[in-house]
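Worksheet: the structure to be examined is printed underneath.
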Amino acid sequence: MDLTKIRNIGIMAHIDAGKTTVTERILYFTGRTYKIGEVHEGTAVMDYLQEEQERGITITSAATTCPWKGYSINLIDTPGHVDFTIEVERSLRVLDGAVAVFDGSEGVQAQSETVWRQAEKYNVPRICFINKMDKLGADFEMAVDSIRERLHVTPVTLHLPIGSQDSFVGFVDLLDMKAYIFDEDKVGTKYTEVEIPADMRDDAELYRTEMIEVAADFDETLMEKYLAEVDLSREEIIVGLRKGTLNCEIFPVLCGSALRSIGSRKVLDAVTELLPSPLDRPEIIAYKPGDSKKTPVKVKCDPGGPLVGLAFKIASDAHGDLTYVRLYSGSLKPGERVLNVTRDKKENITKLFHMHANSRQALEKTCAGDIIAVVGLKDTYTGDTICLTKSPLLLDSIEIPVAVISQSIEPRTAGERLKLAQALEILKREDPSFHAQYNEDTGQTLISGMGELHLEIIQHKLTRDMKVDVLIGKPRVAYKETVTKKAVGEAKFEHQTGGRGQYGHVILSVEPYETDDHENTIIIEDNTTGGVIPKEFMPAVFEGIKDSTLNGNLAGYPCSNIKISVTGGSFHQVDSSDIAFQQAASMAFRDAMGKATAVLMEPIMTLEVSTPESFYGSVQGDLTRKRAEITETEQRGQSRVIHAKVPLAEMFGYASELRGATQGRAGYSMQPDSYARVPEQISAKLVEDAY
Ligand code: GDP
């Protein structure tokens with residue numbers, strides 16, 4: 001495998017900018033599909049989930065391998081909606097370069113800015129595609145200016161559109177100084193190469209000179225030739241542009257209309273010519289397992305090196321679980337035994353595939369730099385590192401945000417309970433930012449996730465793809481209950497009504513418990529001595545406590561950050577049973593919680609609002625009323641950017657509120673940050689509402 005010929009890329013965009021359509025065209029022109037699928041007809045290949053077809057937005061990141069002119073392009077689909085941060089983050093972790101798609105009539109939009117910033121965080125080189133040049137209102141210059149002004153970067157124009165809106169027919173390629181005119185034909189697969197139209201020649205010369213100046217900045221030989229006024233070849237200009245692009249100092253801009261297939265092939269050329277191969281990316285940092293100091297070990301992209309791979313996505317389909325893995329070093333064959341270093345579990349690689357939306361191609365071998373789907377991994381989850389047993393290394397896991405919104409869910413008929421539980425298990429494995437917790441007392445399951453849309457989509461997946469009929473409650477903020485001091489609780493569960501009775505007796509304590517591990521915030525310990533509660537009943541005691549932590553006794557929210565210690569109790573030779581101890585433990589826990597000054601905790605979000613100066617005052621005032629703590633404000637081009645921490649409870653409906661208050665000119669992005677105590681007054685109201 002020639003590593004210089006691999007491109008791991010993603011397409012990023014604001015919803016509706018045309019990411020799915022661009023992807024479709026890429027699949028078509030690389031020969032992966034035989035029919036052009038169109039989003040508005042609901043046949044797009046990448047959007048194979050019914051949900052996505054109906055909404056016309058892309059939710060799942062599927063990795064697809066496409067061949068182009070001797071290169072192998074692994075295309076990782078990156079969703080644009082803020083509710084799917086986890087999907088965007090995990091894609092950005094594993095890709096080497098990206099194509100940012102913009103709507104030619106809108107330029108940079110709020111979410112394109114959000115994903116752009118995420119890509120910045122990972123230093124991902126990008127090229128820009130100004131799409132929808134055929135659309136009413138399309139304006140190439142405006143779009144390029146918005147990249148410069150809103151994203152504060154240097155765009156470099158490689159194409160000039162010929163005509164605009166209705167009259168858009170093609171583009172001038174400034175690299176080869178040729179014009180490409182496309183057929184009227186809707187799918188635009190045919191085009192002719194012609195001379196640059198006379199009225200565009202001056203502009204073309206001007207933009208070409210600008211492009212060459214920029215390219216020359218990154219390469220000395222080019223600069224010498226440029227200064228000596230020697231003509232530069234296409235290949236020479238590419239060398240300079242490529243260097244600048246790989247450093248994230250310049251962002252080449254192309255244009256077209258994906259719908260009419262104008263410019264899509266040039267996007268593929270630009271991906272191979274201007275975006276990095278795995279060898280062009282910096283070494284990644286790993287650690288030795290168990291090294292608490294986390295001394296960095298640099299891992300080079302080397303097929304001969306020790307095996308290091310990162311599992312970044314689990315997908316279940318009719319054939320079983322597929323684990324998507326990015327290999328950073330070493331090689332891999334089907335049949336090999338590997339170590340999941342994160343979980344210290346041995347795993348078998350049964351099969352390796354390159355994926356194409358929903359079909360697959362089996363591989364005999366793969367190596368560093370590639371992205372593959374693996375069958376056979378049983379205990380591997382998103383963010384886990386795969387190595388060989390003899391050379392274990394750990395990569396940083398993929399950060400999974402805390403779930404901040406929850407809803408109750410139950411099967412419509414009791415007969416579907418098991419089916420629902422199994423379906424939720426599958427969804428949890430696929431999506432680590434989704435959680436589901438069953439509560440035996442209420443017979444309800446609480447699902448939680450990143451936002452309203454996230455849970456709505458989960459619900460539709462359940463009902464349509466998995467065919468489970470469910471009843472679902474209103475979305476609500478995922479409050480939590482915790483304690484502020486230590487307290488002891490005690491309870492006896494006793495029934496003696498002739499015949500065999502019931503007897504269980506438990507003493508326990510609860511106390512605040514600090515942890516960073518937001519998956520495991522409740523700890524239960526057995527600290528009894530002298531067999532006051534026989535060992536055989538201890539699981540029942542734990543069970544009783546655990547169940548009770550699902551619904552705290554303040555307002556019924558799940559408990560969090562509590563350490564529970566079982567310290568005493570008693571039993572009866574004949575009458576004690578699991579049930580009796582479970583009941584007693586549950587009652588003792590509630591007794592202790594009642595004395596330990598329980599409080600409510602709420603999710604706090606980090607918020608970034610970008611607003612024109614003229615609306616700054618009102619946006620800021622509104623945030624203050626929303627209990628926001630403003631941490632920083634900065635000037636970014638024409639905009640003021642406010643950084644703040646704000647309770648999620650205040651942010652329902654903020655998108656439309658902000659749009660209304662700023663004539664649609666401000667944008668924001670929001671991420672879960674932490675949990676904090678709910679102020680007294682608000683807490684009192686929540687408790688009151690709960691009953
Ligand atoms: P995504 O949400 O970014 O994946 O965007 P889609 O690819 O789903 O496109 C959103 C809508 O814009 C669909 O109705 C497309 O048919 C339409 N669209 C995509 N590309 C173009 C284009 O080049 N020109 C025009 N006029 N419409 C387009």
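Tabulated results
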| read-out | value |
| --- | --- |
| Residue in region 195-205 that is buried (at least 16 other Cβ atoms within 10 Å of the Cβ) and among the basic types (Lys, Arg) present | no |
| Failed criterion for residue 379 (all others in (1) surrounded by 18 or more Cβ atoms within 10 Å (Cβ to Cβ); (2) touching a strand residue (DSSP E or B) at 6+ places or on another chain (Cβ under 6 Å); (3) over 20 Å from residue 26 (Cβ atoms) hold) | (1) |
| Residue, modelled with the highest pLDDT, within region 90-123, restricted to residues that are within 16 Å of the ligand (Cβ to nearest atom) and assigned to a loop (DSSP other than H, G, I, E, B) | 104 |
| Residues that are within 14 Å of residue 672 (Cα to Cα) and in a strand (DSSP E or B), drawn from region 391-407 | 405, 406 |
| Cβ-Cβ under 9 Å pairs, at least 6 apart or on other chains, region 671-690 side among the β-branched types (Val, Ile, Thr), far side in a helix (DSSP H, G or I) | 678/649; 678/686; 682/649 |
| Count - residues of region 206-220 that are without any contact (Cβ under 8 Å) to a residue 60 or more places away in the chain and surrounded by 15 or more Cβ atoms within 10 Å (Cβ to Cβ) | 9 |
| Selection within region 113-155 - surrounded by fewer than 24 Cβ atoms within 10 Å (Cβ to Cβ), touching a Pro at 6+ places or on another chain (Cβ under 7 Å) and under 24 Å from residue 201 (Cα atoms) | 140, 144 |
| Those residues of region 478-512 which are part of a loop (DSSP other than H, G, I, E, B) and among the charged types (D, E, K, R), in sequence order | 485, 486, 500 |
| Residue in region 1-27 that is surrounded by the fewest Cβ atoms within 10 Å (Cβ to Cβ), counting only those that are in a helix (DSSP H, G or I) and more than 13 Å from the ligand (Cβ to nearest atom) | 4 |
| Subset of region 637-662 (residues that are closer than 19 Å to residue 14 by Cβ and either without any contact (Cβ under 8 Å) to a residue 24 or more places away in the chain or among the aromatic types (Phe, Trp, Tyr) (or both)) | 654, 655, 656, 659 |
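The values are calculated or read from the model by the stated rules, or taken from the named source; none is laboratory data. These figures come from a predicted structure and were not determined experimentally. Virtual Cβ from ideal backbone geometry, glycine too; neighbours counted across all protein chains shown.
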